[in-house]
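Below is one structure; the comments refer to it alone.
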Amino acid sequence: ADTTGPTATITLADSALTVGETTAVTFRFNEPVTNFDASDIVLTNANGTLGALTANADRTVWTATFTPTANVSDPTNTISVNLTGVTDDAGNAGVSTASSANYTVNT
């Protein structure tokens, strides 16, 4: 029986963002998830905004477009997911958070 919650990896297609750029952000889960939405995403250290989330058919890969904030120059940025609000099909909640690798914003 499945007794563990989902885990995630977060990747950005571009890790050095400049003025006028956007990039795809991918949230990849180790199993299908439910209850994943924008409220689970932490943008406190992101210096930007995230567009609407789109899931693949089996709900393991979610994508959105990230737009960096204008007039920002910051070498240390991350996007995180609070996994405690995300559950798998067996009802198990994730634990802790998952974070992207660092990316730079120079707009």
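The values are calculated or read from the model by the stated rules, or taken from the named source; none is laboratory data. Computed from a predicted model, the values in this text were never measured in an experiment. Here the Cβ positions follow ideal geometry from the backbone for every residue, glycine too, while neighbour counts run over all protein chains shown.
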Considering only segment 45-56, I want to know if a residue exists there that is outside any loop (DSSP other than H, G, I, E, B) and buried (at least 17 other Cβ atoms within 10 Å of the Cβ).
yes
From the set of residues in segment 8-44 that are closer than 13 Å to N82 by Cβ, polar (S, T, N, Q) and assigned to a loop (DSSP other than H, G, I, E, B), which is modelled with the highest pLDDT?
T44
Filtering segment 1-19 down to residues that are among the small types (G, A, S) and either touching a residue at least 40 places away in the same chain (Cβ under 8 Å) or in contact with a Cys (Cβ under 8 Å, 6 or more places away or on another chain) (or both) yields A1, G5, A8, S15, A16
So, in segment 79-93, of the ones that are touching a residue at least 40 places away in the same chain (Cβ under 8 Å) and assigned to a loop (DSSP other than H, G, I, E, B), which residue ends up nearest to the chain's Cα centre (by Cα)?
I79
Restricting to segment 36-50, what's the tally of residues that are in contact with a helix residue (DSSP H, G or I) (Cβ under 9 Å, 6 or more places away or on another chain) and either of a type in the set (V, I, T) or under 22 Å from N71 (Cβ atoms) (or both)?
1
Please specify each residue of segment 57-78 satisfying the condition of being in a loop (DSSP other than H, G, I, E, B) and over 12 Å from the mean Cα position of the chain (by Cα).
A57, D58, R59, T60, T69, A70, N71, V72
Check S96 against each of (1) farther than 14 Å from P6 by Cα; (2) free of Cβ contacts under 8 Å to residues at least 24 places away in the same chain and name the one condition it does not meet.
(1)
